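The values are calculated or read from the model by the stated rules, or taken from the named source; none is laboratory data. Just so it is clear, the model here is predicted, and its values are computed rather than measured. Neighbour counts run over all protein chains shown; Cβ positions are idealised from the backbone, glycine included. Note: accessible area is taken over every heavy atom of the protein model, side chains too, but ligands, DNA and RNA are not part of it. Shrake-Rupley method; radii C 1.70, N 1.55, O 1.52, S 1.80 Å.
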Amino acid sequence: MGLAQNTAEEISTISGGKDQTLVLLKSQAILGWGGTGSGRITALNEDICGNKTPNTGAVSVGQPARYSQISAGCGISLGVSQQQPYIWGFCQIGIGGKECFTEVPSPISELTKISKVAAGQLIFAAIDENARVYTWGLNVDSALGRTTTQINVPPDLIPNLPPIKDIVIGDHFMLALSNDHRVYGWGSNAAGQLGVGHLQTVLSPIPLECSVKLHQLTVGSTHALAISSQGEVYGWGSNHFGQSGDHRLSYISKPKRIVLPEPMTAVAAGMHYSLALSASGKVYAWGWNGCGQLGMGDLQSRTSPTVIPRLSGVRKIAAGEMHALAIGKYQFGKQQLLGWGSNASGQLGAAATKQTTPNPMFTIT
């Protein structure tokens, strides 16, 4: 794994985790910044959890060299290469019966013909080529969506789900988007994050009632966002910082439209904050701002969507736990990978510990 300094190449996908950033290049190689799960090899005598000296340069994630999809989680990352899922990072409890103590990707042998993976905090999911969903990890609050007497569960199929095209993971819950644009949820629901109209834990997947078809889905710790085919944004779940839309409510148990001034093409959510990308290339941010993750140049939280100043031409966004990412232009710069928010582990490269405005990490040709 060599450093990938000053590399200029097109980016296909960006993903933010707890304190790591991953990018998938169009060459199908992966670059990482920050803490565990970034691909950073740690010396044997270094505390892998402490990360006392932030790593500000990008590293190239190891073999296999060609990936089609990535997902950064909580100290663990997943990737797909030739329909085989891979895992790297650090987890001492042996999630799903598999210990992970290395930044070198290793195959998840129980799963094959996988098209997409999703990494969370000790819970994980994969979708195969037939649109079936597999889950594994710690089954707290029935977060895996299937009946089992085990707590630490290896990968297996969730029965009775329709064909699924995407899945997202929050704190002990999952939401899945079906091929016919319906949302199914299961697991913890104490803040209404499943969007099903109550606050009880859900043991197996149930459909969310929504009057519109939803086309993109994202979750934070305990809230969710989605976009309709008309570019309308809907939010639900925890709302103490206004991250789900209506600042008058502490939680929202069913999808509620969030008023924005123009149609949106993408949404992203981190811990208690939200982002939306407009069709015109602007980014709107709202919610908690304790690390500057709203990108406004301050640490003031906002209960309604506010456009990030001097950020334009954005074509992709992503949210980590307390840091945000975009591909776009800041002020009058070139098209770049930009990051803001928490940089305690170097997940934003050479930036301030709390980076309150978008900071260039990577220049794109």
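Listing for the model above:
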{"item": "Assigned charges on the beta-carbon of Lys, Arg, Asp, Glu; the chain dipole about Cα centre (debye)", "result": "740 debye"}
{"item": "Relative contact order of the range 158-205, defined on C-alpha pairs under 8 angstrom at six or more residues apart (%)", "result": "26 percent"}
{"item": "Hydrodynamic radius of the range 143-212 per Kirkwood, over alpha carbon pairs, in Å", "result": "12.5 Å"}
{"item": "Solvent-accessible area per residue for the chain (1.4 angstrom probe, square angstrom)", "result": "40 Å²"}
{"item": "Cα-projected label distance for Lys165 with Ser250, points at 7 Å along beta-carbon direction, nm", "result": "3.8 nm"}
{"item": "Estimated FRET transfer efficiency when R0 is 30 angstrom, pair Asn152-Lys213 (beta carbons, to 0.05)", "result": "0.25"}
{"item": "Amide H contacts under 5 Å for Cys100, placed H, 5+ residues apart", "result": "Cys91, Gly94, Ile95"}
{"item": "Cβ-based charge dipole, the range 209-276, positive-most Cα from Thr218, Ser229, Pro255", "result": "Pro255"}
{"item": "Inter-site label distance for Gln92 and Gln200 at 7 Å from Cα along Cβ, in nm", "result": "3.9 nm"}
{"item": "Accessible surface of Ile87 - all protein chains present, 1.4 Å probe, nearest 10 Å²", "result": "10 Å²"}
{"item": "Within the range 91-243: Cβ-based charge dipole about Cα centre, in debye rounded to nearest 20 (Lys, Arg +1; Asp, Glu -1)", "result": "200 debye"}
{"item": "Length-normalised contact order for the chain - Cα pairs under 8 Å, 6+ apart - percent", "result": "13 percent"}
{"item": "Full-stretch length increase - Val140, Glu10 - with 0.36 nm per residue and alpha-carbon distance subtracted", "result": "42.9 nm"}
{"item": "Flagged links, alpha-carbon separation over 18 Å, of Lys165/Lys213; Lys213/Lys256; Lys18/Lys254", "result": "Lys18/Lys254"}
{"item": "Volume per residue that the Cα convex hull of the range 64-184 spans, once the total is divided by residue count, Å³", "result": "91 Å³"}
{"item": "Accessible carbon and sulfur surface of the chain relative to its total accessible area, %, 1.4 Å", "result": "50 percent"}
{"item": "Cα gyration tensor of the range 250-365 - equivalent ellipsoid semi-axes, whole Å, descending", "result": "22, 17, 11"}
{"item": "Pairwise label distance in nanometres, Thr363 with Ala350, each label 7 Å out on the Cα-Cβ vector", "result": "1.2 nm"}
{"item": "Estimated vicinal HN-Hα couplings, Hz - the range 210-226 in sequence order (Karplus 6.51, -1.76, 1.60; Gly, Pro = x)", "result": "8, 7, 10, 7, 9, 10, 8, 9, 8, 9, x, 5, 9, 9, 9, 9, 8"}
{"item": "Along principal axes, Cα extents of the range 213-312, largest first, whole Å", "result": "36, 31, 20"}
{"item": "Whichever lysines have a C-alpha closer than 20 Å to that of Lys334, once near sequence neighbours (fewer than 8 apart) are set aside", "result": "Lys26, Lys282, Lys316"}
{"item": "Arg310 accessible area, 1.4 Å probe, all protein chains in place, Å² to nearest 10", "result": "130 Å²"}
{"item": "Amide H contacts under 5 Å for Thr303, placed H, 5+ residues apart", "result": "Gly287"}
{"item": "Other-chain or far-sequence residues with amide H under 5 Å of Leu122's (modelled H)", "result": "Cys74"}
